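What follows is calculated from the coordinates using simple rules that are stated; it is not laboratory data. None of the values given here were measured: they were computed from a predicted structure. Note that we place each Cβ from the backbone using ideal geometry, even for glycine, and neighbour counts take in every protein chain shown.
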Amino acid sequence: MQITFLGTGGSIPTPKRGLSAVAIRRKNELLLFDCGEGTQRQMIQAGIGFHKKAKVFVTHLHGDHVLGLPGLLQTMSLLGRTNKLEIYGPQGIKEFVEAINQTVSFTLTFHIKIKEIEVGIVCQEKEYKVSAVQSVHMNPSLSYALIEKPRPGRFNKEKAKELGVPEGHLWSKLQSGESVKLTDGKVVYPKLILGAARSGRKIVYTGDTGPSKLLVKLAENADLLIHEATFEDKMKERALEDGHSTPSIAAETAKEADVKRLVLTHISARYKDANLLLNQARKIFANTEIAEDFLRVELPLHED
Ligand SMILES: [Zn+2]
Ligand SMILES: [Zn+2]
């Protein structure tokens, strides 16, 4: 799983920071969290294609999180995308996407499935799910968790041979958790061949938010917490007023939720050097980084 930060600025872009968007490539699918203005150009620069199976998860309808959608949809159409695109977001997202389609003159070449969602499990796939909680920002606004389901344990080849299962498609069936029948009628169950199930990975993307117990719960034991940190610590009051966070608020959440890694994003345009924010967070949670546009994070599969 590869995470690419496409836009890491808050509210207004700067020469170095585009507006909020995080791309997660998981197998052959693209999961995009927020789509700030300029996302399509950032995708081109990052080498992320426009034709893949894809879902977009929008946290809220502030311009710096959604104004990239019109351009993205147009470019996808000009490039002749045919794959369906799923767009998830809070109430209002449907009207916004429909308005783009009705008022901007271009012909969509693919089907868009828009899902207006609330909190809880908002997307359920075979290998993963996406959950959302209300964030402390505006109403409605969401924070998301991408949670992979456990995958089958390690395949014991020696054991498979010993039990007389021939190499080939029967091995794949067992690996995917199905029992198989041999030519002599004997049934072999996957539990005889597979080790214990291996846990999936978890990534949490906060969108814009102030501190929240719901978010701590959502982020519990995450491999990666992508948390906004719009303002430095000494602007805490302003941050709380506007439904935003400081580095210390983000770091406290990371610590309380016992996540493995914290990346700060949505950095206000007032900070030319974000190291100030980084140092504030690291005092509380050491494994913190500041996102820059095009930062890439690889999350390897768990082998537990
Ligand atoms: Zn924002
Ligand atoms: Zn906002």
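Looking at the calculated P(r) for the chain, what percent of the C-alpha pair distances fall above 37 Å?
Counting pairs separated by more than 37 Å, the tail of P(r) holds 23 percent.
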When we measure straight from the Cα of residue 94, which lysines land under 19 angstrom away, once same-chain ones fewer than 8 places off are left out? 55, 84, 113, 115
By how many nm would the segment from residue 101 to residue 182 grow when fully extended, if each residue of separation counts as 0.36 nm and the alpha-carbon distance is taken off? 23.7 nm
Give me the percent relative contact order of segment 172-301, please, defined on Cα pairs under 8 angstrom at least 6 residues apart. 21
Sites residue 161 and residue 79, calculated FRET efficiency, Cβ-Cβ separation with R0 41 Å, nearest 0.05: 0.25
Entries of 157/255; 16/283; 213/283 with Cα pairs more than 31 Å apart: 157/255
Choice from 138, 235, 43 with maximal GNM fluctuation in the chain (Cα, 10 Å cutoff): 235
Name the most mobile residue of 37, 116, 158, meaning the one with the largest mean-square fluctuation, in a Gaussian network model of the chain with Cα contacts below 10 Å. 158
Long-range amide H contacts for residue 36: which residues qualify at under 5 Å (H placed 1.01 Å from N, peptide plane, sequence gap of 5 or more or a different chain)? 20, 21, 68
When 97, 104 are arranged by how many other beta-carbons sit within 10 Å of their Cβ, fewest first, they go 104, 97
Honestly segment 87-136 on the Cα gyration tensor test (a ≥ b ≥ c root eigenvalues; a/c under 1.5 rounded, otherwise a/b vs b/c for prolate or oblate) is just oblate
Between the Cα axis of helix 93-103 and the main Cα principal axis of the chain, the angle (0 to 90°, nearest 10) is 70
Using a ≥ b ≥ c from the Cα gyration tensor of segment 16-116 (square roots of the eigenvalues), is it rounded, prolate or oblate, where a/c under 1.5 gives rounded and otherwise the larger of a/b and b/c decides, a/b for prolate? rounded
Using alpha carbons only, how many angstrom separate the centre of segment 200-233 from the centre of segment 117-135? 15
Using θ = phi - 60° and the Karplus form 6.51 cos²θ - 1.76 cosθ + 1.60, what ³J(HN,Hα) does each residue of segment 109-126 get, whole Hz, x for Gly and Pro? 9, 9, 8, 10, 9, 9, 10, 7, 10, 10, 9, x, 6, 9, 8, 10, 10, 4
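Looking only at the chain, where both bridge partners belong to it, what percent of the DSSP beta bridges are antiparallel (to the nearest 5)?
55
Would you list 35, 123 from fewest to most Cβ contacts within 10 Å? Please report the intermediate quantities before stating the final value.
On the way: 35 30, 123 18.
With the fewest neighbours first, 35, 123 line up as 123, 35.
Relative contact order for segment 23-79: what percent, with Cα pairs under 8 Å and sequence separation of 6 or more?
42
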Neighbour-count ranking [beta-carbon atoms within 10 angstrom, fewest first] of 27, 260: 27, 260
Just 107, 288, 183 to compare: in a GNM of the chain, with alpha carbon springs under 10 Å, which one fluctuates most? 183
Name the shape class, rounded, prolate or oblate, that the alpha-carbon gyration tensor gives for segment 83-238, where a ≥ b ≥ c are the square roots of its eigenvalues, rounded holds for a/c under 1.5, and otherwise prolate holds if a/b is larger than b/c and oblate otherwise. oblate
Contact order relative to length of the chain, as percent, for alpha carbon pairs under 8 angstrom and 6 or more apart: 17
CD proxy at 222 nm, helix term only [per DSSP H run n ≥ 4: -39500 (n - 2.57); per residue of the chain; nearest 500]: -7000 deg cm²/dmol
